[in-house]
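The values are calculated or read from the model by the stated rules, or taken from the named source; none is laboratory data. The shown structure was predicted, so the numbers you read here are calculated from the model rather than taken from an experiment. Methodologically, a virtual Cβ is constructed for each residue, glycine included, from the backbone with ideal geometry; neighbour enumeration extends over all protein chains shown.
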Amino acid sequence: MSLTLTQDFKYQLKKLALSCESIENDDAKTKNYTGLANYNVFKIALKYITPFIKYHQNTVLSPSDQVLLTLAKLSLNLDYKDLGYRFSISPYPVSTYFKNTLYIMCLRLKKFVFWPDRDILKKTMQNSLKESFHGNTTGIIDFGRMLV
């Protein structure tokens, strides 16, 4: 009986920690922690990124969880200590995972970011923006989430 209780406790504890397993097939959680539309989009992103993340016996988080950690940091601006608590690891490797995974994401996902030429931007810019910024605007960055 104690073995069953121990297994149940481990299962409940695992559900509390943030991991790919804890957001699997939960689109609301996926969107909250990653900023991506749903879990399927997250799985597609994982295919592009995880093969390039180095994983060895001392690595605490799986490559998939490292991507989740990085997206949670970018999406929610959580500090390293908070992420450590959420992923049940110490804060020290959090910063390493974040920096390494972000670097890989930049290399692997760069081809999906399209920045049009200045002429195209000017042609497609709204008139109100042209008037407000006198045609000197190249782009507008939306910071949708702000901490107050």
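For this structure, a couple of remarks:
- Picking from residues in region 3-21 that are in a helix (DSSP H, G or I) and of a type in the set (A, V, I, L, M, F, W, C), the one that is modelled with the highest pLDDT is C20.
- Residues that are touching a residue at least 12 places away in the same chain (Cβ under 8 Å) and either in contact with a Pro (Cβ under 8 Å, 6 or more places away or on another chain) or part of a loop (DSSP other than H, G, I, E, B) (or both), drawn from region 82-98: L83, F87, S88, I89
- L74 in contact (Cβ under 8 Å) with a residue 24 or more places away in the chain, part of a loop (DSSP other than H, G, I, E, B) and within 14 Å of the chain's Cα centre (by Cα): no
- The condition of being surrounded by 10 or more Cβ atoms within 10 Å (Cβ to Cβ) and assigned to a loop (DSSP other than H, G, I, E, B) holds for only one of T101, T138, that being T138.
- Residues of region 81-96 satisfying the condition of being surrounded by 18 or more Cβ atoms within 10 Å (Cβ to Cβ) and in contact with a Lys or Arg (Cβ under 9 Å, 6 or more places away or on another chain): L83, V94
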